[in-house]
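Below: one structure, written as structure tokens.
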Amino acid sequence: QVQLVESGGALVQAGGSLRLSCAASGSIFRINAMGWYRQAPGNQRELVARIDNGARTNYAASVKGRFTISRDNAKNTVYLQMNSLKPEDTAVYYCNANVIARIYTPGQDYWGQGTQVTVSS
């Protein structure tokens, strides 16, 4: 079993910055892609940013240029640096990881419990 634990969510004023972290632990042979998603009340969960194990990244158009995703493979951790935050960034942010538990087995998707980010105007 694999656990993802997020941290870093908070209340921040518009224009401010936050850094989210997500650490994976448990039965891990290799982690493929890791990513951050968010869900605001009444909305569907949407991709914010994603990074594969070759460090290739992609971002939602709404956060490009403001958010940066990175990962530390030695720590099985993914980060999301969020700058120039806007009220519309308010949401619960979820970490996702595609994890291979044992060699020659397929990857499985895991989710964190979510961390609240609130941006006040």
First in segment 27-55 and farther than 16 Å from Q113 by Cα, second anywhere and open to solvent by 60 Å² or more (accessible area, probe 1.4 Å), Cβ under 6 Å, 6 or more apart: F29/R102; F29/I103; N32/N53; A33/R50; R50/N58; I51/T57
On the basis of being over 14 Å from the mean Cα position of the chain (by Cα), of a type outside the set (F, W, Y) and in a loop (DSSP other than H, G, I, E, B), does Q113 make the cut? no
Within segment 89-106, restricting attention to residues that are open to solvent by less than 10 Å² (accessible area, probe 1.4 Å) and among the hydrophobic types (A, V, I, L, M, F, W, C), which residue is nearest to V63 (Cα to Cα)? A91
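The values are calculated or read from the model by the stated rules, or taken from the named source; none is laboratory data. This one's a predicted model, so the numbers in the text were calculated from it and none came from an experiment. Here the Cβ is made from the backbone with ideal geometry for all residues, glycine too, and neighbour counts use every protein chain on show. Just the protein is used for accessible areas: all its heavy atoms, side chains included, with ligands, DNA and RNA removed. Shrake-Rupley method; radii C 1.70, N 1.55, O 1.52, S 1.80 Å.
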